Amino acid sequence: MHLEEWNRRETFECIEAIDFTGCVSRVFSESLQAFVDDWLTEPTETSVSGEQNGGDDDRRGRSRDVRDITVAHELAHGELPAHHVDGSTSAWQKPMFSGLKRLSLRGCVTLSSDTIARLISCCPNLTHLDLSFTRVAPSTLETLGSMPTVRLEALSLARSTRLSGESIRDFLVEAPAAATIVDLNLFGDATYISPLSALDLESIITTAPCFRSKQLRYLDLSSAPLTSDMLDLVPAQPHLRSLGFSFIPFLELDATAALLRDKAPNVEILTLTASSTRVDLPPNLSALQTTMVLHQKLINPLTMAPFSIIPRPDAKIVSRLRILELSETVRKALGPTGGSRDWKVVKSKGGRGWYVDVSAGWLDKNDHADTRTCRPLVGSPEVDGSNPDDTLVYTRGLSQDHPWRQYLSSLADAAGKVGSAVGWHSRKMEVVHGHGMLGREEGLYGAGAFAFEG
C-alpha cells in the first residue's frame, strides 16, 4: 500500500513557490512544526526529543511510516540494498523538495529558527527566499550557506531581530549561495536598527560577490551605519533600479546624488525616509527651505540637463531617478507638488509616501512624441514585473495630456485613497511569480509591501 501511494505521488508536479507571508495562527504553526518533525527529522532524533519531553507523541510512529515509505520506494527502484531494511541500520533519508525554488516566510514570527532551518535544508534549489520579520538565528544562515546547490537571486533579511551583523556579513561574503544575489533587502528602521557594524558593512560593500558582480537590481541598506565616505567604496552598479537609504540621519544628499550620478545612473526609486535629518533636512527647516534643498542637492542635478546659456540638444540627463520615498514630515513641507510642475506627492493606502516625477516612466517607443528618451534598461520596465520588451523606452518630459502622466496625477490627487498594490520599493518579495523585490503585490500582501513605513 505504501509503495502504491508513493508511486502515485511521483506523478504529481513539483511545487515551485510557497508564500507563507503573515501566517502566525496556532493552527499553522503547530501544523508546520508537526510536518517538520514527522517528515524532515530523522526518526531517532524525533524519538529522543519525544522521550525528553516525557510524552508518547504519536508523531514518532508517523515518522516510522515516513521511513517505511522511503525504504519501499528506494527498494523498488534498486537504490537501496535489501540489508538496509534491517533495524540495525537506519534507512531513513531526508526528503528533498528539489522543485521548490521560491519560499517566503515573511512575518512567520511563531516559527522557531530550528524549524525554519530544517525546512530550508530540504530545498536544495532555492532562488528566492524571504526571511524578513522572522526569528531566524545565525545558525539558519550557516545552514543555508552550507548547501552546495543553492544559488539565490533574491534574499530578504529585513528586521530579522536575532541575526547578528557578523552572521549576515559572513554569509554574504563567503557563502556560494549568496554570490548570485541581485535583490538584497537588509532593511531596518527606528524600531529595529540594522545589526551591521561599520566594519561589517564596509566588508560587505567591498568584498561580497553580489556587490562585486555589479548585477544588483534592488538594494535596501536602510538604518545601516552608512556614511558619505563609505559610498565612495561602493562598486559601480549599472543594473540597480531600486535603492533603500532610509533611517540614516547623517547621510548627505550630495554624496547620495554623486553615487547615483557616477555609479548607479539607472536607479529610478530612492528611499530617504527619516534620512539626512542631521545634515541637509533637519526638522526645523521651513517648508521653502526643505523644498529648495531637496531640489537643488538631489532632484535637479540628477533629472535636469546641465544649464547652458547656449542651447545644447545633445545635453544628457545623468540619472533615471523619478521616485523619492520621503517621511511624512518632509512630504507635508513639500505640499502636494513642492512648487514643481512635474513632481507630485503620491501616498499609499498606509503611512508610506513618495515624491514622484509624473512626467517619467516606461512607455512604448512609438508613443513618445515630443519627449526625451534614454536607452532602454535591461530588466523589468515597471514595478508590476512585466517582461522586458525592446519596444519599451524610459521617457521623461511627458505632455500634460499623456495618459501615463494623468494616471500618476490621479494617484496624487487621491491622497492615499488607493489600492493596496500602489507603491514603489517593495518591502515584500513576490515569490509566487518570481519577480523578486520588484514585483507588484496584490490584495492583503500589498499592505506588507507598500503600506507601512516601519
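Can you say whether GLY448 is outside any loop (DSSP other than H, G, I, E, B), surrounded by fewer than 24 Cβ atoms within 10 Å (Cβ to Cβ) and under 14 Å from the mean Cα position of the chain (by Cα), as far as the supplied structure shows?
Values: outside any loop (DSSP other than H, G, I, E, B): yes; surrounded by fewer than 24 Cβ atoms within 10 Å (Cβ to Cβ): yes; under 14 Å from the mean Cα position of the chain (by Cα): yes.
Spelling it out, GLY448 is indeed outside any loop (DSSP other than H, G, I, E, B), surrounded by fewer than 24 Cβ atoms within 10 Å (Cβ to Cβ) and under 14 Å from the mean Cα position of the chain (by Cα).
When you scan the range 153-167, do you find a residue that is of a type in the set (Ser, Thr, Tyr), under 15 Å from the mean Cα position of the chain (by Cα) and either buried (at least 21 other Cβ atoms within 10 Å of the Cβ) or modelled with pLDDT under 95 (or both), even just one? Yes; the residues of the range 153-167 include at least one that is of a type in the set (Ser, Thr, Tyr), under 15 Å from the mean Cα position of the chain (by Cα) and either buried (at least 21 other Cβ atoms within 10 Å of the Cβ) or modelled with pLDDT under 95 (or both).
Considering only residues of the range 122-140 that are of a type outside the set (Gly, Ala, Ser) and more than 25 Å from CYS14 (Cα to Cα), which is surrounded by the fewest Cβ atoms within 10 Å (Cβ to Cβ)? Result: PRO138. Against the numbered list (1) of a type outside the set (Lys, Arg); (2) within 22 Å of ARG320 (Cα to Cα); (3) in contact (Cβ under 8 Å) with a residue 24 or more places away in the chain, ASP232 comes up short only at (3).
Just name the residue that is farthest from the chain's Cα centre (by Cα) out of those in the range 26-39 that are surrounded by fewer than 15 Cβ atoms within 10 Å (Cβ to Cβ) and in contact (Cβ under 8 Å) with a residue 12 or more places away in the chain. Filtering the range 26-39 for residues that are surrounded by fewer than 15 Cβ atoms within 10 Å (Cβ to Cβ) and in contact (Cβ under 8 Å) with a residue 12 or more places away in the chain, the one farthest from the chain's Cα centre (by Cα) comes out as ALA34.
Would you check if THR149 is surrounded by fewer than 18 Cβ atoms within 10 Å (Cβ to Cβ), modelled with pLDDT of 95 or more and outside any helix (DSSP H, G or I)? Criteria met by THR149.
On the given criteria, is LYS297 of a type in the set (D, E, K, R), surrounded by fewer than 18 Cβ atoms within 10 Å (Cβ to Cβ), more than 25 Å from the chain's Cα centre (by Cα) and assigned by TED's automatic domain parsing to the domain that holds ALA236? Taking the combined requirement at face value, the residue does not satisfy it.
One line per residue, one yes/no per condition, for (1) in contact (Cβ under 8 Å) with a residue 60 or more places away in the chain; (2) surrounded by fewer than 17 Cβ atoms within 10 Å (Cβ to Cβ); (3) outside the structural domain of HIS425 (by TED's automatic domain parsing); (4) under 17 Å from LEU270 (Cβ atoms):
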| site | (1), (2), (3), (4) |
| --- | --- |
| VAL330 | no, no, no, yes |
| PRO336 | yes, yes, no, no |
| ARG341 | no, yes, no, no |
| LYS349 | yes, no, no, no |
| LEU363 | no, no, no, no |
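The values are calculated or read from the model by the stated rules, or taken from the named source; none is laboratory data. These figures come from a predicted structure and were not determined experimentally. Cβ atoms come from the backbone with ideal geometry, glycine included; neighbour counts cover every protein chain shown.
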